[in-house]
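The structure under discussion appears below in the form of structure tokens.
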Amino acid sequence: MPGFFVRAVLGVAAVGGRKKMSHTCGNILLHLIFSTENRRPLTKPEFRENLFAYLGGIIREMRGTALIINGTADHVHMLIRIRPAHAPAEIARVVKTNSSRWIRERFPEFSWQTGYGVFSVSESNVPAVTKYIARQEEHHRKHSFQDEFRAFLAKNKITVDEKYLWG
């Protein structure tokens, strides 16, 4: 009866010819990067900390976890843990739409760039990515956002025609 053992261990029962598992499990870690429209320096230091807290709240409302959020005047990095029920595109859309609305109440000229970058992160790389995100101000004294983003694309073997990349 090897099949019985497997079904019992996995919580699988044959019901009407279908197998079911009682829970959906996942550990989905994403590094989400997005910039202000035309990379204008719109995330002012005086409200940046509140912005990052607001972004974390959006993730929390979606039942995810923001491990770290940081950025500079023209872009944001988020290391987040999301639920399997949410697609990365949905997370990016909700985060950018809701935060843009919140910022525009204070600064009507604000908007995010249309696109974004999203990259999977392994659990073993969380400390390194956290450190990288924490040091954004320091990092961008030497590297532009465009150079940084090109490096992410290359590292992840993504080829993009740059005329479509920067909007």
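Report yes if residue 93 is farther than 28 Å from residue 163 by Cβ and of a type in the set (D, E, K, R), otherwise no.
no
Count, please, the residues in the range 107-136 that happen to be under 24 Å from residue 47 (Cα atoms), within 19 Å of the chain's Cα centre (by Cα) and loosely packed, with under 11 Cβ neighbours inside 10 Å.
2
Residue under question is residue 72, and the condition is that it be more than 25 Å from residue 124 (Cα to Cα) and either of a type outside the set (A, V, I, L, M, F, W, C) or over 12 Å from the mean Cα position of the chain (by Cα) (or both); does it hold?
Considered against the rule, which asks whether it is more than 25 Å from residue 124 (Cα to Cα) and either of a type outside the set (A, V, I, L, M, F, W, C) or over 12 Å from the mean Cα position of the chain (by Cα) (or both), residue 72 comes out as yes.
Looking at (1) out of contact with any helix residue (DSSP H, G or I) (no Cβ under 8 Å at 6 or more places or on another chain); (2) more than 21 Å from residue 144 (Cβ to Cβ), which one does residue 94 not meet, given that it meets all the others?
The single condition residue 94 does not satisfy is (1).
One line per residue, one yes/no per condition, for (1) farther than 16 Å from residue 39 by Cβ; (2) surrounded by 14 or more Cβ atoms within 10 Å (Cβ to Cβ); (3) modelled with pLDDT of 90 or more:
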{"position": "83", "(1), (2), (3)": "yes, no, yes"}
{"position": "95", "(1), (2), (3)": "yes, yes, yes"}
{"position": "105", "(1), (2), (3)": "yes, no, yes"}
{"position": "138", "(1), (2), (3)": "yes, no, no"}
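Does the range 140-160 hold any residues that are under 19 Å from the mean Cα position of the chain (by Cα), surrounded by fewer than 14 Cβ atoms within 10 Å (Cβ to Cβ) and among the aliphatic types (A, V, I, L, M), and which are they?
Within the range 140-160, 151, 154, 158 qualify.
The values are calculated or read from the model by the stated rules, or taken from the named source; none is laboratory data. All figures in this text were calculated on a predicted structure; none of them were measured in a lab. Neighbour counts are summed over all protein chains in view; Cβ atoms, including those assigned to glycine, are modelled from backbone coordinates with ideal geometry.
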